[in-house]
Structure formats: C-alpha cells, structure tokens
Amino acid sequence: MRGDNDQLASFWMPFTANRAYKANPRQLVSASGMYYRSSDGREILDGTAGLWCSNAGHCRPEIAEAIAKAASTLDFAPTFQLGHPLPFELAQRVAALMPDGLDRIFFTNSGSESVDSALKIALAIQRAKGQGTRTRLIGRERGYHGTGFGGITVGGLVNNRRVFSTLPGADHLRHTHDIGRNAFARGFPRHGAELADDLQRLVDLHGAETIAAVIVEPMAGSTGVLVPPVGYLQRLREICDRNGILLIFDEVITAFGRVGAPTASEAWGVTPDIITMAKGLTNAAVPMGAVAVKRELHDAVIDSVPGGIELFHGYTYSGHPLASAAGLATLDLYARDGLFDRANDLAAYWEDAAHGLKGRRHVIDIRTIGLVAGIELEPRPGAPTARAMELFHAAFDNGLLVRATGDIIALSPPLIVEKAQIDEMFGKLAELLETID
Ligand SMILES: Cc1ncc(COP(=O)(O)O)c(C=O)c1O
C-alpha cells in the first residue's frame with residue numbers, strides 16, 4: 001500500500017483531473033428523486049440530471065423494477081440474426097416519439113456509439129443511393145459528439161482532438177457563439193443565422209458530390225449551452241436539401257424532454273434525416289443509445305442489398321434486455337407524469353430565475369432554453385476555466401450539483417424539479433459567486 005488513497009488508484013477516471021480528484025475525492029453514494037447523497041452524508045440537489053441524463057429523477061421504482069424483472073427473466077440474448085421482444089417494442093415506442101418519418105431505430109449503448117453509428121449509416125445510405133463519392137463528414141467547431149474516432153473527427157473541441165488522429169476528409173462549420181451580439185439572450189439568440197451559410201461555402205470548396213452528411217447538436221450542451229440563432233437550423237436544412245447532404249441532429253442531450261418536447265427537432269420545427277440519442281432514453285439507469293433514421297433512407301440501404309446482412313454494423317449489446325426494459329419503463333414514466341410538457345411549462349420560470357444572475361460578479365452571459373441554462377463567467381486572467389471549476393466545487397460543498405465546462409456553469413435539472421428547487425439553485429449560485437475570486 002502506498003498512501004491513504006491507494007484504494008482510488010486503479011480507476012482511471014474519464015474526463016477527470018485524476019490527481020486532483022484523488023487528492024480530494026467527492027463521492028456520491030445514493031440518489032432519490034432530485035437529490036444525490038454524498039459519502040459524508042449530505043444531500044446534494046441535482047442541478048444537472050446526473051450528466052444531462054436522469055430526466056425523470058433518480059432511482060424511480062418503476063424503472064428499477066423493470067430492470068430487475070428483465071435481469072431475472074432474460075438476462076441477455078443476442079440480436080444478431082436472432083431477437084427477443086423488448087427491443088422491438090422499444091423501437092416502436094421510440095419511433096412514435098420521433099418527428100414524422102424517422103421511424104427506423106438502431107440501438108447502441110452510448111451517445112458516442114450512436115454518433116459513430118449515425119455517421120456510418122449516413123455513408124451506407126449515400127452508397128446505397130448510388131452516391132458513393134460522398135464520403136466527407138462535416139461537423140462544427142465547439143461541437144461535442146462523444147469520444148469515438150468518428151465523434152472526435154466531426155467534433156470541435158481541441159482538447160478532445162489534439163492527442164488523437166482523426167478520420168481524413170472531414171471539415172467544420174464555424175460555431176455560433178457570439179457574446180458580442182447575443183449576450184443574455186433568452187431562448188434563440190437573434191444574430192447568427194448566416195453562419196449556416198458556411199455549409200454552402202464548404203460545398204463550393206469541396207463539391208457537393210463529396211459530402212455525405214453534416215452533424216450538429218441542435219443545441220450544443222457540453223460545450224457550454226450554445227442555443228442556435230433564430231433561423232440557423234432551418235437554413236442548414238435548406239442547404240442540405242439543395243445539395244443532397246444528409247442532416248444529422250445529435251440529440252443525445254436534447255431528446256426526451258430537455259427542451260419541452262420529445263426532441264428539439266419537433267420543438268423547433270426542423271426535421272433532420274437522422275437523430276442520435278442516448279442518456280434520457282433509459283433515464284441513464286442502464287446505458288443505452290439509439291439512432292433514428294428516416295424510413296425511406298433505411299429502406300434504401302435494405303433494398304440495395306439483394307440478400308444477406310444489409311449493414312455490417314452493430315454491438316453485442318444492441319437492444320440489451322435490461323436496457324430495453326429500462327427504456328420502456330422510462331418512456332412510460334415520461335408519458336404518465338407528462339414530463340415533457342412539465343419541462344415546457346416550467347421553462348419561463350426557469351428562464352427568469354437563471355437571468356436573475358445577470359449583474360452578479362464575473363457573469364458575462366446567461367443563455368437559456370427549455371430546462372437548460374448556461375452561465376458564462378469572465379475567465380480569470382492567466383487561469384482560464386479555474387473560476388468555473390472553483391464554483392463547481394463550492395456548489396457541491398454547499399449541496400448543489402452543477403456542471404463546469406470551460407468557464408461556463410451549465411444547469412439541466414431532472415424534469416421533475418420544483419419551483420422552490422429552481423430558486424434554491426440560482427439563489428445558491430448567486431451567493432457563491434460573491435465568494436469566488
Ligand atoms: C451531443 C452529445 N453527443 C454525444 C455524447 C456522448 O455520449 P456518451 O458519453 O454517452 O458516449 C454526448 C455526451 O454528453 C453529447 O452531449
């Protein structure tokens with residue numbers, strides 16, 4: 001044994017400053033509804049639905065029971081050339097929540113897998129349509145699409161890319177973040193629709209016949225809550241249509257009620273060709289992701305192959321029984337408790353509460369949409385990101401879980417949040433901002 005914290009040494013933690021964490025570990029040991037409990041016995045109000053994922057709140061008995069039942073009935077069965085009932089049922093239920101036409105569902109185990117699957121499916125669709133020269137994938141600066149090689153290739157966060165090689169032939173749109181013109185916007189910022197024309201410029205640069213798909217988060221969450229400018233997504237859709245490019249919306253964060261509807265696509269009236277999802281699909285109780293594909297595009301792939309396997313892609317755990325059971329129970333809860341409408345109904349209250357932080361020390365922008373808020377802090381000179389990280393730690397020590405990303409504090413509570421809890425979140429942040437240098 002080499003010191004007190006050796007018991008923490010073996011777990012190489014993801015996206016974590018391992019040395020700093022292990023020197024001062026903060027652990028969660030249980031959860032219920034809106035609260036976590038820490039290892040030192042404190043209640044922590046969950047301002048982030050875990051990691052944007054436990055939309056129905058924690059440890060819902062209906063989900064736990066469904067998982068337990070599946071585990072003792074059919075713990076695992078393959079879905080390669082064989083099947084079991086739950087993923088078929090879940091696929092139909094997910095399809096019913098998607099925008100019209102996107103009713104073919106491919107299951108994965110995470111957001112990253114959903115993204116890489118969607119990119120591969122896009123390439124398969126283009127080839128099936130006789131457009132095999134279309135291999136280029138377009139992402140966006142500041143985009144986050146998980147950590148697979150496909151995801152980091154189209155992603156736009158430098159730290160996720162610089163150490164790793166990415167796939168050839170990709171390109172990026174500029175990001176839409178513009179505090180100069182849009183600071184303290186409520187909902188969609190007014191300026192920036194013209195940034196969608198970057199896609200046309202890439203068409204003019206590379207040739208439409210080389211571009212398979214463009215992928216964006218309708219609202220970029222992990223990179224600090226970047227809400228699309230008015231008209232931006234519509235313009236992307238038009239340029240895709242004109243140029244035979246598939247439009248993929250990465251809805252890993254926005255699907256399942258986060259912006260007051262089953263998907264951002266439906267909430268905001270822009271229909272992509274492919275949607276990726278994960279997180280809220282199972283309330284995060286069992287890992288699962290999915291890709292929804294327009295029926296005619298799915299059919300193009302299926303019909304292009306005369307016999308045998310049509311898409312050489314999949315995971316051992318695609319449609320896993322426990323995940324499928326959790327998904328079905330989760331979708332039942334969302335419907336029974338009307339949680340997507342609830343998020344919609346609470347959005348105005350949420351927006352007012354978040355924007356109440358305007359004028360507080362260090363706050364240079366606040367962005368809100370649905371039940372999401374991004375509070376951007378002035379970076380500390382010479383120490384970017386330190387201020388938000390200190391606020392994250394101070395909040396945790398004061399019983400509130402928020403998310404720090406760069407110099408931005410992001411909030412995205414479970415959709416069961418009460419108004420008093422919203423007041424508590426922003427009230428605590430207001431106090432703590434005064435204590436941070
Ligand atoms: C938009 C988006 N895509 C993909 C991912 C990756 O999901 P996972 O961490 O489940 O692989 C995330 C995770 O936050 C995300 O926000």
Lys, Arg +1 and Asp, Glu -1 on Cβ, resulting dipole of the chain about Cα centre, debye, nearest 20
720
In Å and whole numbers, how far do the C-alpha atoms of segment 123-180 stretch along each principal axis, longest first?
44, 28, 16
Could you give me the radius of gyration and the Dmax of segment 226-279, taking only the C-alpha atoms into account and expressing both in angstrom?
11.1, 33
Could you state the number of Å between the C-alpha centres of segment 43-108 and segment 151-218?
31
Order by protection proxy (mean Cβ within 10 Å, highest first), peptides 306-318, 337-349
337-349, 306-318
Bin by bin, in steps of 10 Å, what percent of the Cα pairs in segment 284-398 do you find, going until the bin that has the longest distance?
10, 21, 23, 24, 16, 6, 0
Candidate lysines for bridging to Lys294, where Cα separation is under 19 Å - those fewer than 8 sequence places away on the same chain excluded:
Lys120, Lys129
Hey, in the GNM for the chain with a 10 angstrom Cα cutoff, which one of Leu246, Leu205, Leu233 fluctuates hardest?
Leu205
Could you tell me what fraction of 2.2 N^0.38 Å the Cα radius of gyration of segment 272-346 comes to, as a two-decimal ratio?
1.39
Give me the percent relative contact order of the chain, please, defined on Cα pairs under 8 angstrom at least 6 residues apart.
22
For the chain, share of DSSP beta bridges that run antiparallel, in % to the nearest 5:
65
Relative to the Cα centre, what is the charge dipole magnitude of segment 230-280, using +1 at the beta carbon of each Lys and Arg, -1 at the beta carbon of each Asp and Glu, and rounding to the nearest 20 debye?
120
With T = 4 °C, eta = 1.567 mPa s and Kirkwood Rh from C-alpha pairs, the Stokes-Einstein D of the chain in µm²/s is about 58
For Ser412, Ser165, Ser112, ascending order of other Cβ atoms within 10 Å (fewest first) is Ser165, Ser112, Ser412
Which residue, Gly148, Gly289, Gly41, tops the fluctuation ranking in a GNM of the chain built on C-alpha contacts under 10 Å?
Gly41
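Throughout, read-outs are computed from the coordinates displayed, never taken from laboratory work. Just so you know, these numbers come straight off a predicted model, no measurement behind them. Note that we place each Cβ from the backbone using ideal geometry, even for glycine, and neighbour counts take in every protein chain shown.
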